[in-house]
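Below is one structure, written out as structure tokens; the observations come after it.
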């Protein structure tokens, strides 16, 4: 059962990302998936710092620096010094960035509506609860003894070699 859940979750994630990639391509933004996510992050959190994006995404500083630079070169975001901390940089959407974000966000809403069209409101509420619990499970400390015990006896079916 757990494998089937993982497979379905991966399939849904891949399909959603594929649709969003298609939307970005369709709109000729030339943005990669993570660039779209970073743009959305800045759109939802005006005056976010690159550090906020690092914390939210789990990416390293070099990756975030490249993404911010790329979005800035595309004219979608701008950097400005934080008036309260001159060492810090704040990120904001440009007018063009807002246009691109609004366009991609409208496409995102269509994809979400398609994905959820067969669920009634009670099922959607249950799904939100279940997904929140799954997210919480991933956020728990990796040293959780239950998880550690399960992992030590579990067979790796990912096809990846152990470190």
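The values are calculated or read from the model by the stated rules, or taken from the named source; none is laboratory data. These numbers come from a predicted model, not from an experiment. Heads up, the Cβs are rebuilt from the backbone with ideal geometry, glycines too, and the neighbour counts pull from every protein chain shown.
Points to keep in mind about this one:
- Looking only at region 135-146, residues that are farther than 17 Å from residue 58 by Cα and either modelled with pLDDT under 50 or touching a helix residue (DSSP H, G or I) at 6+ places or on another chain (Cβ under 8 Å) (or both) come to 3 in all.
- Residues located in region 114-133, provided they are surrounded by 11 or more Cβ atoms within 10 Å (Cβ to Cβ) and either assigned to a loop (DSSP other than H, G, I, E, B) or modelled with pLDDT under 90 (or both): 119
So that you can scan it fast, the table gives a plain yes or no per residue for (1) assigned to a helix (DSSP H, G or I); (2) on the phi < 0 side of the Ramachandran plot; (3) within 19 Å of the chain's Cα centre (by Cα); (4) modelled with pLDDT of 95 or more:
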residue: 51; (1), (2), (3), (4): yes, yes, yes, no
residue: 71; (1), (2), (3), (4): yes, yes, yes, yes
residue: 79; (1), (2), (3), (4): no, yes, no, no
residue: 86; (1), (2), (3), (4): no, yes, no, no
residue: 96; (1), (2), (3), (4): yes, yes, no, yes
residue: 112; (1), (2), (3), (4): yes, yes, yes, no
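- Residue ID - surrounded by the fewest Cβ atoms within 10 Å (Cβ to Cβ), chosen from residues in region 36-83 that are farther than 23 Å from residue 138 by Cβ and in contact (Cβ under 8 Å) with a residue 60 or more places away in the chain: 43
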